[in-house]
Amino acid sequence: MITFKPLFGYMAYYNITAKDLMEKADLSQTAYTALKKGEFMSAKTLNKICQCLNLNIKDIMRYDVDVIQS
């Protein structure tokens, strides 16, 4: 399953709040909630997150074989 744990770890380390990310990346509350739940994210949304934080896609997500999606 794809997980966004690397993104949330980065946010915690650099004290970036959900509100900060939503404002910087122009994300809706719905998009942020989907991100927290590990749900579908469009490439456009992922690109906006990477651009605003100056990160690579591998820095914000990873494939975790041990997590079973329900």
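The values are calculated or read from the model by the stated rules, or taken from the named source; none is laboratory data. Owing to the predicted nature of the structure, the values given are computational and were not obtained by experimental measurement. Using ideal geometry, Cβ is built from the backbone for each residue, glycine included, and neighbour counts are taken over all protein chains shown. Note: accessible area is taken over every heavy atom of the protein model, side chains too, but ligands, DNA and RNA are not part of it. Shrake-Rupley method; radii C 1.70, N 1.55, O 1.52, S 1.80 Å.
A few remarks follow.
- Charged neighbours of Leu21, selected by a Cβ distance under 13 Å, balance to +1 (K, R count +1; D, E count -1).
- Calculated mean residue ellipticity at 222 nm for the chain: -16000 deg cm²/dmol, from DSSP H runs with n ≥ 4 weighted as -39500 (n - 2.57), summed, divided by the residue count and rounded to 500.
- The Ala43 and Asn15 beta-carbon pair, evaluated with R₀ = 30 Å, returns a calculated FRET efficiency of approximately 0.65.
- Apportionment of accessible area to carbon and sulfur, the chain, percent (1.4 Å): 52
- Percent breakdown of C-alpha pair distances by 10 Å bin, ordered from the shortest bin, for the chain: 20, 60, 19, 1
- For Ile2, distant residues with modelled amide H under 5 Å away: Asp64
- Site pair Gln51 and Lys5 shows an inter-label distance of 3.0 nm when each label is modelled 7 Å from Cα along Cα→Cβ.
- Think of each Lys and Arg Cβ as +1 and each Asp and Glu Cβ as -1; about the Cα centre, that makes the dipole of the chain roughly 60 debye.
- Calculated accessible area for the chain comes out at 70 Å² per residue, all protein chains present (probe 1.4 Å; ligands, DNA, RNA ignored).
- Rounded to the nearest Hz, the phi-derived 3J(HN,Hα) couplings of region 20-37 under the Karplus curve 6.51 cos²θ - 1.76 cosθ + 1.60 (θ = phi - 60°) are 4, 5, 4, 6, 5, 9, 6, 9, 7, 4, 4, 5, 5, 4, 4, 4, 4, 7, where x marks glycine and proline.
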